[in-house]
């Protein structure tokens, strides 16, 4: 897997208008390119999953209460790509996949851009699962309103979480690879004035598509443009972000415990078992000796 010398992805955080606006942005270029390579994604599927991956990282920061808080985002709109699942952590770790990685559509005739709405579909919902303060999982969902993902995430934050917000997401591909990808969430905080919101809305209208702005500049410049005239104050350091799965060889082996002894014996007779992680596409080849060891461990535990 070659990542074409992309720099590492990162998150930027800041406030504006005297702390009444919160900004969280991500340069997800390397993350999305790695997802494309790992899953063999088509061009349009890359754009759809890439937006979801960026959104999951941003939501983990906005909704998370702890450093390692995780947010799981699931989008299913009835389109050719099937479901899209992305998981982001407040510490910058992201992973995700789609049901049909090779699904693709022609460019839109209206503007020549990737048809993310078409591949996602509109007949379904966006669901977001996170842990509450008591450790219990909570899932909120909204019906898809655009299938473009950014507007759907914004609707979720406004309706399910009661957070006034603006969400921008984009993926730009060139030369068969991800050239730029990223996103931005602006959250209105208590005390925000109508004048501040009006200025923010005007800035975002001028900004236009975040993909185009990222192509011309950087994430920092994009955030500065969105916060023009609002005195953006950034956190002193960027936070690293990367595609990282929580799978392991041991977890792959442990999954074989759910099979019967006869089924595991059949695996051993056939020379072992290959297990593929759906989250990241990693292949684990489990040997007959390792499979036999599972039964030995069970026997020792029962002794």
Name, by its number, the condition in (1) closer than 26 Å to residue 52 by Cα; (2) not assigned by TED's automatic domain parsing to the domain that holds residue 56 that does not hold for residue 219. (2)
Residues located in segment 175-201, provided they are surrounded by fewer than 21 Cβ atoms within 10 Å (Cβ to Cβ) and under 15 Å from residue 34 (Cα atoms): 176, 177, 179
Given the options 53, 49, 63, 73, name the one that is at pLDDT below 95, closer than 18 Å to residue 129 by Cβ and in contact with a strand residue (DSSP E or B) (Cβ under 8 Å, 6 or more places away or on another chain). 63
May I ask you to say which residue of 92, 82, 112 is surrounded by fewer than 17 Cβ atoms within 10 Å (Cβ to Cβ) and either without any contact (Cβ under 8 Å) to a residue 60 or more places away in the chain or touching a strand residue (DSSP E or B) at 6+ places or on another chain (Cβ under 6 Å) (or both)? 112
Which residues, counting only those in segment 24-73, are surrounded by 24 or more Cβ atoms within 10 Å (Cβ to Cβ) and in a strand (DSSP E or B)? 25, 26, 27, 73
Out of the residues in segment 134-156 that are under 16 Å from the mean Cα position of the chain (by Cα) and surrounded by fewer than 24 Cβ atoms within 10 Å (Cβ to Cβ), which is nearest to residue 66 (Cα to Cα)? 154
Tell me, yes or no, whether segment 192-205 has at least one residue that is assigned to a loop (DSSP other than H, G, I, E, B) and without any contact (Cβ under 8 Å) to a residue 60 or more places away in the chain. no
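The values are calculated or read from the model by the stated rules, or taken from the named source; none is laboratory data. Nothing here was measured: the structure is a model prediction, and the numbers come from that model. All Cβ positions, glycine included, derive from the backbone under ideal geometry; neighbour counts span all protein chains shown.
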